[in-house]
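Heads up, the thing below is written out as structure tokens.
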């Protein structure tokens, strides 16, 4: 079965002027310019850098919703790092991933930014 959608190495989602950049912990240079842009709505923009071979940490497929799937796919057992851009003072971000047993979720507040990492593991199908 071939993989559908665009393979992405780093993504940034901008919503109403605030953005979050997400990339795998193994990424050496998440600041490299983006070569992929998809306007989701009047206030939401998805940008990314196309993955060039190897493991693909994200896959974006705008037709996935028609098949009952989310357009942006992340992979289990992968540690992703994130950085909030555009705001420095906030109590968030928050995530349901922080709930015990669902995933690992860490937040770090730096002087100029908020960042963290997460990893999701799904044990569905194991007894």
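Restricting the search to the stretch 1-12, which residues are surrounded by 14 or more Cβ atoms within 10 Å (Cβ to Cβ) and at pLDDT below 90? Steps first, answer last, please.
Pass one, the stretch 1-12, residues surrounded by 14 or more Cβ atoms within 10 Å (Cβ to Cβ): 4-12.
Selection gives 4, 5.
Can you tell me which residue within the stretch 40-50, out of those that are surrounded by 10 or more Cβ atoms within 10 Å (Cβ to Cβ) and more than 13 Å from residue 8 (Cβ to Cβ), is modelled with the highest pLDDT? Talk me through it step by step, then tell me what you get.
The initial filter retains those residues of the stretch 40-50 that are surrounded by 10 or more Cβ atoms within 10 Å (Cβ to Cβ), namely 40, 43-50.
Narrowing further to those that are more than 13 Å from residue 8 (Cβ to Cβ): 40, 43-45.
Details: 40: 81, 43: 84, 44: 87, 45: 92.
Taking the candidates together, the pick is 45.
So which of 68, 53, 17 ends up being modelled with pLDDT of 90 or more and on the phi > 0 side of the Ramachandran plot? Before you say what the answer is, go through the steps one by one.
Working: 53 fails: modelled with pLDDT of 90 or more; 17 fails: modelled with pLDDT of 90 or more.
That would be 68, the only listed residue that is modelled with pLDDT of 90 or more and on the phi > 0 side of the Ramachandran plot.
What's the number of the condition residue 15 fails, among (1) surrounded by fewer than 13 Cβ atoms within 10 Å (Cβ to Cβ); (2) free of Cβ contacts under 8 Å to residues at least 40 places away in the same chain?
(1)
State whether the residues of the stretch 18-39 include one that is more than 22 Å from residue 116 (Cα to Cα) and out of contact with any strand residue (DSSP E or B) (no Cβ under 7 Å at 6 or more places or on another chain).
No; the residues of the stretch 18-39 include none that is more than 22 Å from residue 116 (Cα to Cα) and out of contact with any strand residue (DSSP E or B) (no Cβ under 7 Å at 6 or more places or on another chain).
Within the stretch 56-76, is even one residue within 24 Å of residue 116 (Cβ to Cβ) and more than 14 Å from the chain's Cα centre (by Cα)? First the steps, then the outcome.
Step one: of the stretch 56-76, the residues within 24 Å of residue 116 (Cβ to Cβ) are 56-60, 70-76.
Okay, now just the ones that are also more than 14 Å from the chain's Cα centre (by Cα), so none.
The answer is no; no qualifying residue exists.
Which of the residues that make up the stretch 19-36 are within 24 Å of residue 104 (Cβ to Cβ) and part of a strand (DSSP E or B)?
Scanning the stretch 19-36 gives 19, 20, 21, 22, 23, 24.
The values are calculated or read from the model by the stated rules, or taken from the named source; none is laboratory data. Since the model is a prediction, treat every value here as computed from it, not as a measurement. Quick reminder, even Gly has a Cβ in these numbers, built from the backbone with ideal geometry, and neighbours come from all protein chains shown.
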